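Structure record follows, encoded as structure tokens.
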Amino acid sequence: MQSQHRALAFEVLIGFAVVLGVGIGGVSAQTTDPRMGTWKLNVAKSKYNPGPAPQSLTVNVEPSGKGEEVTTEFVNADGTRTTTEYTANFDGKDYPLTGSQIADTVSLKRSNARTTVRTDKKGGTVAQTLRRVVSKDGKTMTVTTKGTNAQGQAVNNVAVFEKQ
């Protein structure tokens, strides 16, 4: 009788874990990686050098394997729209990037739980490096971009995003 109670208690515990999104090995990637979710650019708090800043920018980050799947929707300064997409692991290897004039691949590395580095390349040559840091409270993400833009100009941008 006691073993039946233990078995039932274990089944109930497993049921709660599934409902709460907790795997047997720990918490799901969705809840452990602070970058996961939708982020919107706060243009007023951001600095674009050279400008101009986009009118708006939304980044959707979803877990994928040992990395992330990212879709970025831009409304550029001139009102045109651009969408970029990639799926990549945090292993430093190059993965395809679509929709960008600046790069055709990305590689990702994780510095710590809240900091990642993305390197964009065009034809195998580094075009930009993006250091992405999520605040301790998880509400903001600061992305510092250095490199060159599509016109060959030096870029030094600090973009501030708010989690939606």
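The values are calculated or read from the model by the stated rules, or taken from the named source; none is laboratory data. A quick note: this is a predicted structure, and the numbers were derived from the prediction, not measured. Cβ coordinates were reconstructed from backbone atoms using ideal geometry, including for glycine residues, and neighbour counts include every protein chain displayed. Accessible surface is based on the protein model in full, side chains and every heavy atom, while ligands, DNA and RNA are left aside. Shrake-Rupley method; radii C 1.70, N 1.55, O 1.52, S 1.80 Å.
Descriptive notes on the structure:
- Taking 0.36 nm per residue of separation and subtracting the Cα-Cα distance, full extension of the segment from N49 to E85 would add 10.6 nm.
- Only Lys, Arg (+1) and Asp, Glu (-1) charged, at Cβ; the range 27-100 dipole about Cα centre in debye: 320 debye
- The range 103-164 and the range 28-98: distance between their alpha carbon centers, rounded to Å: 9 Å
- Accessible area in square angstrom per residue, the range 52-141, 1.4 angstrom probe: 54 Å²
- Per-residue SASA entry for T83, accessible area with 1.4 Å probe, Å² rounded to 10: 60 Å²
- Dipole of the range 51-164, positive direction: furthest Cα of F74, S100, M141, with charges on the beta-carbon: M141
- Net dipole in debye of the range 26-164 [+1 Lys, Arg Cβ; -1 Asp, Glu Cβ; about Cα centre; nearest 20]: 540 debye
- Whole-percent carbon and sulfur share, accessible surface of the range 76-164, 1.4 Å: 48 percent
- Cα gyration tensor shape of the range 87-164, rounded if a/c is under 1.5, else prolate or oblate by comparing a/b with b/c: oblate
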